[in-house]
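Visitor: First, the structure itself, so that you have it in front of you.
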Amino acid sequence: MRPRVFTAIKEMIGLQDPEVCFQCRRCTSGCPVAFLESDYRPHRIVTEVNLGRFEKLLDSDVIWKCTRCYKCTEYCPQRVAPSDVVLALQALATEKKGLLGEYRKMIEKVAETGFSFEVMEVADRDFEFYDRDSLGLPELKSPSKMSILGKIVKKLGGVE
Ligand code: SF4
Ligand code: SF4
């Protein structure tokens, strides 16, 4: 019988099915995080889940490296969607250990300002930096009724 966590992952990812992975590794070849981080391999994560060895993944930092770009899902010739497998693992890790500090800070920031992080400058290919003003863009303003929105965000984000 499959362990409870595997059943939970299957329920969370709906129509996707990690069990039909045939280890072609196309997900990993297209993953920008795998390109930069030697310990991040989506095809390996799918295998670990299929083999029932995901308890270690729930306790590791690896599952939090996914940028949710969905390239792996586009590349996958099967109905696997490694991105959704990783998301399900993140949800289970949060259920097990509580919200990560970084996520808590991000939710608090959204509740406070309406933005998940500070407005940043952008760089062109010559590493010249531009702010919104120099690009002729208007100043970004927080949403109106921020106090109500903030309460909703905190409640939904579980940081109250
Ligand atoms: S969604 Fe995550 S696992 Fe998939 S390609 Fe993007 S970073 Fe990699
Ligand atoms: S692309 Fe799909 S089938 Fe191929 S290794 Fe990745 S998850 Fe498995």
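Visitor: Between C69 and F115, what length comes free when the chain is fully extended (0.36 nm per residue of separation minus the Cα-Cα distance, one decimal in nm)?
Guide: On the way: separation 46, 0.36 × 46 = 16.56 nm, distance 1.96 nm.
Extra length from C69 to F115 when fully extended: 14.6 nm.
Visitor: Calculate one ³J(HN,Hα) per residue across the range 17-30 by plugging θ = phi - 60° into the Karplus curve 6.51 cos²θ - 1.76 cosθ + 1.60, and present them in order as whole Hz with x for glycine and proline.
Guide: Karplus-based 3J(HN,Hα) across the range 17-30 equals 9, x, 5, 8, 4, 10, 6, 6, 6, 5, 4, 5, 5, x Hz.
Visitor: Quick query: amide H of V80 versus all other amide H atoms, modeled in the peptide plane; which residues come in under 5 Å with a sequence gap of 5 or more or a different chain?
Guide: D17
Visitor: Treating only the Cβ of Lys, Arg, Asp and Glu as charged (+1, +1, -1, -1), what charge dipole size does the chain show about its Cα centre? Round to the nearest 20 debye.
Guide: Values: 25 positive and 24 negative charges, 163 e Å.
About 780 debye.
Visitor: Find which of Y40, N50, M106 sits farthest along the positive direction of the dipole of the chain, computed with +1 on the beta-carbon of Lys and Arg, -1 on that of Asp and Glu, about the Cα centre.
Guide: My answer, from the dipole projection, is N50.
Visitor: While we're on this one: Accessible area per residue for the chain in Å², computed with a 1.4 Å probe and the full protein assembly in place, what is it? Let's see the in-between values first.
Guide: Details: 10810 Å² over 160 residues.
That works out to 68 Å² for each residue.
Visitor: Among 108-115, 25-32, 130-137, how do they line up from the highest to the lowest mean number of other beta-carbon atoms within 10 Å? Walk me through the numbers before you get to the answer.
Guide: On the way: 108-115: 16.0, 25-32: 19.2, 130-137: 10.6.
Listed from highest to lowest mean packing, they are 25-32, 108-115, 130-137.
Visitor: For the range 4-97, what log10 I(q)/I(0) values come out of the Debye formula at q = 0.20, 0.26 1/Å, with one point per alpha carbon and no solvent?
Guide: With one equal scatterer per Cα and no solvent, log10 I(q)/I(0) is -0.89, -1.57.
Visitor: Expressed as a whole percentage, what fraction of the accessible surface of the chain belongs to carbon and sulfur atoms when a 1.4 Å probe is rolled over the protein heavy atoms?
Guide: Details: 6000 of 10810 Å².
Heavy-atom surface of the chain belonging to carbon and sulfur, 1.4 Å probe: 56 percent.
Visitor: Then there's this: Apply the Debye scattering formula to the range 36-155, with a single equal point scatterer on each alpha-carbon and no solvent, then give log10 I(q)/I(0) at q = 0.09 Å⁻¹.
Guide: Each listed q maps to, in turn, -0.40.
Visitor: Assuming a ≥ b ≥ c are the square roots of the Cα gyration tensor eigenvalues, decide whether the range 101-157 counts as rounded (a/c under 1.5), prolate (otherwise, with a/b larger than b/c) or oblate.
Guide: Because a/c hits 1.5 or more and a/b fails to exceed b/c, the range 101-157 counts as oblate.
Visitor: In the chain, which cysteines lack any other cysteine Cβ under 4.7 Å from their own?
Guide: So, C21, C24, C31, C66, C69, C76.
The values are calculated or read from the model by the stated rules, or taken from the named source; none is laboratory data. Every value quoted in this text rests on a predicted model; they were computed, and no experiment measured them. Note that we place each Cβ from the backbone using ideal geometry, even for glycine, and neighbour counts take in every protein chain shown. These area figures cover heavy atoms from the full protein model, side chains too; ligands, DNA and RNA do not enter into them. Shrake-Rupley method; radii C 1.70, N 1.55, O 1.52, S 1.80 Å.
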